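No lab work stands behind these numbers, since they all come straight from the coordinates. Since this is a predicted model, take the numbers as computed values, not measurements. No Cβ is skipped: glycine too gets one built from the backbone with ideal geometry, and neighbour counts run over all protein chains shown.
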Amino acid sequence: MTVRDLLLARSDDDRPALRWREAGSVQEISWRQYVAAAARLAASLETRLSPGRPPHVGVLLPNGPAFALHLAAAGLGGHVLVGLNATRRGAALEADVVKADCQLVVDSPDPALAALTATDTETDTETDTVEDPASRSSPPSPPSPPTPDSLFMLIFTSGTSGSPKAVRITHAKITGPGTHLVGRLGLTSHDVHYVSMPMFHSNAVMAGWAPALTTGATFAVAGFSARGFLPDVRDFGATYATYVGKPLTYVLATEEQPDDADNPLRLVFGNEANEADIATFAERFGCEVVDSYSSTENAVIVQRRPDMPAGSLGMPLPGVEVRSPETGERTRDAVFDATGRLSNAEEAIGELVNTTGAGAFAGYYRDDAAEAERMRGGMYWSGDLAYRDADGWVYFAGRSGDWLRVDGENLATAPIERVLLRHPSIGEAAVYAVPDPRVGDQVACALLLRGPLSPQALEDFLAAQDDLSAKAWPRFVRVVDELPRTATNKVVKRALAAAGIDPDDPAVWVRAERGTSYA
């Protein structure tokens, strides 16, 4: 199946397709209207593209009906949608546009909204919606019909570990996850999907839009707001929502109300939430939260199961292993001491690898070096550190650049962050390395608090965590009001490290070099 196939199957469907908020009220169009408007928009864009260049259209728009129409237009037409990160500016944005070979960049919703409001008998040359009025509701015929392997979209990676890379998203990388999630999560045509994650990124497209396209469900588009989350869910009638990164944390930070669970939401799906937030969110809002491990490349799959141990990512599919980046060999099983502390980190921690090949990864666009780094020895190397216990469960240990070398011992950041997040006053924790004046690294962390925490209280808490080694105690603690993030809410640790540590800053707590107390 292709995206075009799924859209054409909805062209006579009068059930609601798209909802959005405009001037304070909820607007709605049917699948028939959605597909027809997308066809008009696709035809308009086709007239502007040079046949001698890659047919790439950059979309630089916030979440809304216009972006939703551009997704469908790319599915119907013969062009490729390039999701441009609306938070990037200047030279960085220009580099993305150039790397992706964009012929056009759409930075106004007007063409899409004009296509939405046009009729088959109108001609509107000013907006160039369609030159031939008779073809307004008919999807354009691409030079060659797309196949599942045809390029549908370019989605840039988050850029947490370097410059963003443009991931090739084929039609199969939309229809495949859509079908998979419908079956896995039990989604139906009666659901309403709340799409508030950035629509230039994979979570909104693959986990929000694609399943709705598969079943003919309604999808509601909005920009994410912690305070606006519950009102949106109620106003749109949302039964299903997605997230990536920290949105659950942000919503939970809003003031709790006695009727929070009085809402239509039944299921929330995403990745990178911590266990405490997953449980608290589900209880407070009366829904199920399903967290999973995933990336835009979608080449390594780890599935969560009901019987998985606390802190685990889940069980990897056959062929997914933890391997040493240095030797390429499978790492040793993790060994835990009586307190639950990982006692053989250097032998157990490696990189999550798909040993069978690229999986669903269709490559990067115009980035051979990055693609070669991912595909080494015929295997896909994810860049994510992990370790595996004797039963096969895997645990996240951070990104490949998150290793710290403290007093001759390698430490991973994610296990330290999991310990810190046990404290009820710590909303977020980002652990990173700062140079040791002598050799190696010292442990630093930035904390976003959601309750009172004193240096003495932190010392007492850390002392009570038997699975935290002495070397993993943060030397420096920065209490911050915000963390540097990508547009998909992922923390950019290199920005924290680059900012350095000022011991005279009153927001910085410093632990005595050979002690445990903070000042």
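Some observations on this one:
- Among the lysines of the chain, pairs that are 8 or more positions apart or on different chains and have alpha carbons within less than 19 Å of each other number 6.
- Here the stretch 403-510 is treated with +1 on each Lys and Arg Cβ and -1 on each Asp and Glu Cβ, and its dipole about the Cα centre works out to around 400 debye.
- Prolate/oblate/rounded call for the stretch 3-291, Cα gyration tensor, a/c under 1.5 rounded: prolate
- Two-site FRET efficiency, D368 against A91, from Cβ-Cβ distance with R₀ of 22 Å, rounded to 0.05: 0.50
- Helix-only mean residue ellipticity at 222 nm for the chain, each DSSP H run of n ≥ 4 adding -39500 (n - 2.57), per residue, nearest 500: -7000 deg cm²/dmol
- Net charge of neighbours whose Cβ lies under 11 Å from the Cβ of T488, counting Lys and Arg as +1 and Asp and Glu as -1: +2
- Rg ratio for the stretch 299-352: its Cα radius of gyration over 2.2 N^0.38 Å, N being its residue count, equals 1.22.
- Prolate/oblate/rounded label for the stretch 143-212 (Cα gyration tensor, a/c 1.5): oblate
- Sequence of D307, D191 once ranked by neighbouring C-beta atoms within 10 Å, starting from the fewest: D307, D191
- Longest to shortest principal axis, alpha-carbon extents of the stretch 318-401, angstrom: 50, 26, 19
- Here the spin labels are modelled as points 7 Å beyond Cα on the Cα-Cβ line, and at D389 and D235 they lie 4.5 nm apart.
- At full extension, S454 and L185 could sit 92.6 nm farther apart than now, given 0.36 nm per residue minus the alpha carbon distance.
- Spin-label zone in the stretch 18-37 - amide nitrogen under 18 Å from a point set 7 Å from the Cα of D12 along the C-beta vector: 30-37
- Angstrom value of the Kirkwood radius, inverse mean 1/r, which spans all Cα pairs in the stretch 221-369: 18.1
- P(r), alpha carbons of the chain - 10 Å bins starting at zero, rounded %: 4, 18, 27, 25, 16, 7, 2, 0
- Size-normalised alpha-carbon gyration radius of the stretch 386-519, reference 2.2 N^0.38 Å: 1.02
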